[in-house]
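Reviewing the structure listed below.
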Amino acid sequence: MFYNRDIKFIKGVGEKTAGLFNKLGVFNVDTLFSFYPKSYKDLSVITKICDVLPNETYCVKAKISSEIVCKRTKNNLTVYNFTVFDKTGALNVTLFNTKYLASSLKTNEEYIFYGKAESGFNGGFLKLNSPEILNTNQAVIHPVYHLTKGLSNKTVEKAVKNALELLKTNNFPDYMPNDILQKYKLYSLKEAIINIHFPKNPEALKQSRRRLIFDELYLLKLGQNLLKNKFTATVSQRIEKSFFTEFKNSLPFKLTSSQQKAIKECLTDLHSNRAMNRLLEGDVGSGKTAVAAALIYSVCKNGQKSVFMAPTSILASQHFANLKALIPSVRTALLTGSLTKKQKDKIKEDYKNNKIDLLIGTHALIANKSESKNKSNGNTITKSKAETIAKAEANTDTKTRAKAKTKAENETESQNFLKGTALCITDEQHRFGVAQRAVLSQSSGSANCLYMSATPIPRTLSMAIYGELDISVLNEMPLGRKPVKSFYVNESYRARVYNFIKKELNKGFQGYIVCPLVEDNESDLISVKEYYKELTQNAFKEYSIGLLHGKMKPKEKEKVMEDFLNKKYNLLLSTTIIEVGIDVKNATVMLINNAERFGLSTLHQLRGRIGRNSFESTFIMISDKDTKRLEIIAKETSGFKIAEADLALRGPGSFLGEKQHGLPELKLANLLTNSNVLKAAAAEAEITFNKDKTFKNNPLLLKKVEELFFNTDLNI
Ligand code: ADP
Ligand code: MG
């Protein structure tokens, strides 16, 4: 099919341009079609010349009134000057080195000029330097694309135009069922794609957007239907008895009522014939691990096995320690990337042979590939096997394709040890996209799945995002927790803040200092290292300080964390790696540098690292910017309320843009503002799905759903 062809297939796109397109995620004709403009230049809004002001961009419609005067400058530029006028005034226009354009212009003809106005000499006419010039009958709405260095808007425009030419001569099937198109009077796919790039008028643009937004939400909902259906498959391992009382009585604390409620909801799932597919949402410190422990205990007592996955090796190690303490009778093993292959194989073998009841590990459990590639960064989630296969599929070189495909298939092969798993728990689920969720549940057979998240999502969004999941919420904290005192201050307070931290350290407590770090940004890393030097040599020279960042090897990270836990360090200087889960009860103070660079949810989660004992804890954010957001953190203690506020402040685009929620990328649709379309699309998706659950009558539609869900092989 022409739309699956490599981008180089398009006229005018050579090796180099193709490489630049690849950078922007455009690999083939189809992805170019869906490389929607980020905005438009609307040249239909014409400004009268008398209303033109300097330093603003305008579109004027005017006649050329003078000869086009050509001059050559000292540095060999060819400059063309002429005057244009409409009924209200005149402007001077200057063009540089555009012989072809200049010679095509005719005196007394009317054109559209689009550009930024500048003041003229000595109070003369205002001037337009190198404006875009169009014939008055030319398309008036122009696309503006996301670009990368070396790739101009013109080049993208041209490539898209040439690609759209292919639509005219080739068959381009529409995956949307006809009755839906008619019912909602939607544009055809072909029409929508042409007009989203080069709208013939504002109405056409509106209609194209309407069609494509409908598509995104419809495909999202179809995907969720598909996942849900897959998850509701009958489980092979039903859990007969709950052993809940026994578990409860063995705990050193009393479960909160929301913990009890959540455990009961989960146990009901485990007891049923239907696979559990549940999200457990609860603030940092709300005690999600105890809920997980109750389920693992029950599963183990029923003679079944569980796996528990964490996003980082540090977190996996802590869960390992905590769960061993909470449920000592469960035979537990830890599988992380830092073990040797032999050690790993032994653990996998033991798990397979039922010598282990609970296997805890990082995502290395699901994607072997990650071990070599992402050793340095425990936070990175690897691409799913299906994605690898899809990439291989797109590769035109058959040899590479075959090789990559075999490799990807081998990866799943090696996950077979997970077969027979009754319960699969994923901590901090937002780090795992829908794709990973699908692959995980696939490799463990039809296991019961619980996803735990400390990132509360406002209710208005959670249904749309987690449409395929049931949700349990922990909305209260265990008794005796003191709220963490929270402040934000500007740079001028730094010395005072340091003194406050020292006071805490002198009492024998520990503290965190957090720096923002873009993990791939070398200069950020250098600045963290320099700051570390500054702290150890000056501000905190009497104290010992550990340094933790994402570029360190897993073993190094674990060593630093362990040393911090064992009080070898008074202070830990860290990037967001401590964001998820690390539990050091003796820490009572946390300082956040450049707090404006963190998302509100992240700040809230960071704060959750302290206040884990009965002493007063203090959270201090230093920032010279964006204090309105920081005020929310300082005042609010509930993660759900913070999420609501964050959403209200930033809008769903940026709120969801952090890719924290495992939601497939929506290019045009907005889950909040398009809620009516969402409703309609959801209803239609359900009807479509129930009519043909295997998509045998519309394989193209299935392909589209899979593409939206990161090319995940949904394996129906
Ligand atoms: P999170 O929800 O952030 O994962 P954890 O499960 O790590 O929270 O629990 C935080 C701490 O609270 C742990 O030390 C845990 O032992 C403790 N805890 C959990 N539930 C209770 C409870 N009901 N009463 C007292 N302490 C609890
Ligand atoms: Mg936790």
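Highest average first, the peptides 482-488, 418-424, 536-542 ordered by how many other beta carbon atoms sit within 10 Å of their residues are 418-424, 482-488, 536-542. Cross-link reach is defined here as a Cα-Cα straight distance under 18 Å, omitting same-chain residues fewer than 8 places apart; for K485 the lysines meeting it are K502, K503, K507, K585, K628, K635, K641. Sequentially through region 559-565, phi angles give Karplus couplings (6.51, -1.76, 1.60; θ = phi - 60°) of 4, 4, 4, 4, 4, 5, 4 Hz, Gly and Pro residues having no value and appearing as x. Considering only I296, L279, A310, whose Cα is most displaced toward the positive end of the charge dipole of region 260-312, charges sitting on Cβ of Lys, Arg (+1) and Asp, Glu (-1)? Of I296, L279, A310, it is I296.
The Cβ shell under 14 Å around K628 holds other residues with a net charge of -2, Lys and Arg each +1, Asp and Glu each -1.
Based on alpha-carbon centroids, what's the gap between region 584-637 and region 128-180 in Å, whole number please? Comparing the Cα centres of region 584-637 and region 128-180, I get a distance of 46 Å. Across region 296-309, computed HN-Hα scalar couplings (Karplus, 6.51 cos²θ - 1.76 cosθ + 1.60, θ = phi - 60°) run 4, 4, 4, 4, 5, 5, 8, x, 10, 10, 10, 10, 9, 10 Hz from first to last residue, x flagging Gly and Pro.
Within a straight-line Cα-Cα reach of under 13 Å, K48 can be paired with the following aspartates and glutamates, leaving aside sequence neighbours fewer than 8 residues apart in one chain: D86. Measuring against 23 Å, Cα to Cα, the residue pairs K99/K154; K241/K264; K482/K568; K254/K288; K63/K161 contain K482/K568; K63/K161 as the ones spanning a longer distance.
Under a model in which nothing but the beta-carbon of Lys, Arg (+1) and Asp, Glu (-1) is charged, region 485-636 shows a dipole of about 500 debye around its Cα centre. The amide H of C449, built 1.01 Å from its N in the peptide plane, has M276, N277, R278, C424 as neighbours under 5 Å, considering only residues 5 or more places off or on other chains.
Bear in mind these aren't lab numbers, they're just calculated from the coordinates by the rules spelled out. A quick note: this is a predicted structure, and the numbers were derived from the prediction, not measured. Every residue, glycine as well, gets a Cβ built from its backbone with ideal geometry; the counts of neighbours run over all protein chains shown.
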